[in-house]
Amino acid sequence: MADEALILTETDGHVGILRLNRPKALNAISPDLIQQVADQLDQWDRDEQIYAMVITGSDKAFAAGADIVDMAPRSTMEMHQRDQFAVWDRVAKVKKPIIAAVSGFALGGGCELMMMCDVVIASETAQFGQPEINLGIIPGAGGTQRFTRAVGKATAMDVILSGRFLSAEEALDYGLVSRVAPADSYLDEAIKLAHTMAKKGPLALQIGKEAVNKAFETTLGEGVQFERRLFYMLFSTEDQKEGMKAFMEKRKPDFKAR
Ligand code: DAK
């Protein structure tokens, strides 16, 4: 029998939906799995018909971390030679918006993958953590940085140094996720949000994502200058002309990603 696919994908209008599919291992992220995720997201990023993406897992686990069984025997040089960071980093470089629809465990690399997305919609059953400390390591795919930027130092230290999990409600309070939805509708809500985004100007979506992400990389003054240049740039697009014309003509805009 052929191996089960590690990811399942579908498109719904202008939205790409990717499901992590190693349910028996709680979607533990093996090198092959993250490679396939990055390849698929890159493909949709280049696809002119896709405007927004959703990543999800199973109801029990978004992903319980990088694959511990795969990592356990590795030497320092093996980890170095495989340079797995490069493939993880590709997820954070996707230009189009990505919504994570998270249920059950989002731990370690699973939480890090989620934090590379732009919006997180959590099921009320979701649990979040960076429990690498239990394994004698620390987060390796940006967890110490992105988790800290999301929740602040006090909570980041509490969670990362103890290995404890946050509930969905805590994650919402701390700003790690943007919404909590009932267990039977979190995915629908994420897809609905992706469709809402997909109705906007696709170029403005990408530029808006780039501008918000810049806030984590620069000073306020430089960030505002960066925003201003991107703002001017959008006045060279047909979508800006169409968006403002449609407003004045009291009709819905017909954006063309041009
Ligand atoms: N890796 C491999 N298998 C895993 C796994 C993981 N992270 N998490 C769960 N599984 C497997 C279990 O071994 C078990 O397999 P079988 O025994 O059935 O064969 C199956 O999934 C079901 O798990 P449990 O029986 O343990 O289920 P429970 O409901 O009792 O417990 C749990 C659920 C999530 C609390 C528990 O499974 C657990 O503690 N899992 C490990 C969580 C964890 O420590 N995560 C952090 C892993 S370290 C890097 C990039 C990223 C990273 C590192 C480097 N580079 C770019 C180089 C990230 C590192 C990590 O994420």
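The values are calculated or read from the model by the stated rules, or taken from the named source; none is laboratory data. Predicted model, so just to flag it, every value in this text is computed and none were measured. Methodologically, a virtual Cβ is constructed for each residue, glycine included, from the backbone with ideal geometry; neighbour enumeration extends over all protein chains shown.
For this structure, a couple of remarks:
- Just one of the numbered conditions (1) closer than 22 Å to Y51 by Cβ; (2) at pLDDT 95 or above is not true of E249: (1).
- Residues being farther than 14 Å from V91 by Cα and either within 9 Å of the ligand (Cβ to nearest atom) or crowded, with 19+ Cβ neighbours inside 10 Å (or both) - total across region 38-55: 2
- Any chance G65 is modelled with pLDDT of 95 or more and out of contact with any helix residue (DSSP H, G or I) (no Cβ under 7 Å at 6 or more places or on another chain): no
- Positions within region 199-210 being assigned to a helix (DSSP H, G or I) and surrounded by 17 or more Cβ atoms within 10 Å (Cβ to Cβ), in sequence order: P202, L203, A204, L205, Q206, I207, G208, K209
- Being away from the ligand (no atom under 16 Å from the Cβ) and of a type in the set (G, A, S) is a description that applies to G13.
- Helices (runs of 4 or more DSSP H) lying entirely in region 45-109 (those with 3 or more residues that are farther than 26 Å from Q127 by Cβ): 76-82
- Test: residue in region 170-184 that is farther than 21 Å from A122 by Cβ, part of a loop (DSSP other than H, G, I, E, B), modelled with pLDDT of 95 or more and polar (S, T, N, Q): no
- For S75, the conditions (1) of a type in the set (G, A, S); (2) out of contact with any Gly (no Cβ under 7 Å at 6 or more places or on another chain); (3) under 15 Å from A63 (Cβ atoms) are fulfilled apart from (3).
- Scope region 61-83; condition among the charged types (D, E, K, R) and more than 10 Å from the ligand (Cβ to nearest atom); matching residues: E78
- Checking the stated criteria, A246 turns out to be more than 20 Å from S123 (Cβ to Cβ), in contact with a Pro (Cβ under 7 Å, 6 or more places away or on another chain), exposed (fewer than 15 other Cβ atoms within 10 Å of the Cβ) and aliphatic (A, V, I, L, M).
- Within region 19-37, considering residues that are closer than 23 Å to D188 by Cα and within 15 Å of the chain's Cα centre (by Cα), the one farthest from the ligand (Cβ to nearest atom): R19
Yes/no matrix, rows are residues, columns are (1) touching a strand residue (DSSP E or B) at 6+ places or on another chain (Cβ under 9 Å); (2) surrounded by 14 or more Cβ atoms within 10 Å (Cβ to Cβ); (3) farther than 30 Å from F147 by Cβ:
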site: K214; (1), (2), (3): no, yes, no
site: L220; (1), (2), (3): no, no, no
site: R228; (1), (2), (3): no, no, yes
site: L234; (1), (2), (3): no, yes, yes
site: D239; (1), (2), (3): no, yes, yes
site: E242; (1), (2), (3): no, yes, yes
site: R251; (1), (2), (3): no, no, yes
site: D254; (1), (2), (3): no, no, yes
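- Only one of the numbered conditions (1) surrounded by 12 or more Cβ atoms within 10 Å (Cβ to Cβ); (2) closer than 23 Å to D118 by Cβ; (3) within 13 Å of the ligand (Cβ to nearest atom) is violated by A86, and that is (1).
- Single match in K256, K199, K192, K241 (criterion: over 26 Å from the mean Cα position of the chain (by Cα) and not polar (S, T, N, Q)): K241
- For the condition more than 8 Å from the ligand (Cβ to nearest atom) and more than 20 Å from E10 (Cα to Cα), S58 does not qualify.
Residues are listed down the side, and each one gets a yes or a no for (1) within 15 Å of F165 (Cα to Cα); (2) within 12 Å of the ligand (Cβ to nearest atom); (3) surrounded by fewer than 24 Cβ atoms within 10 Å (Cβ to Cβ); (4) at pLDDT 95 or above:
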site	(1), (2), (3), (4)
A101	no, no, no, yes
L107	yes, yes, no, yes
G110	yes, yes, no, yes
I121	no, no, no, yes
F128	yes, yes, no, yes
I137	no, yes, yes, yes
G142	no, yes, yes, yes
Q145	no, no, yes, yes
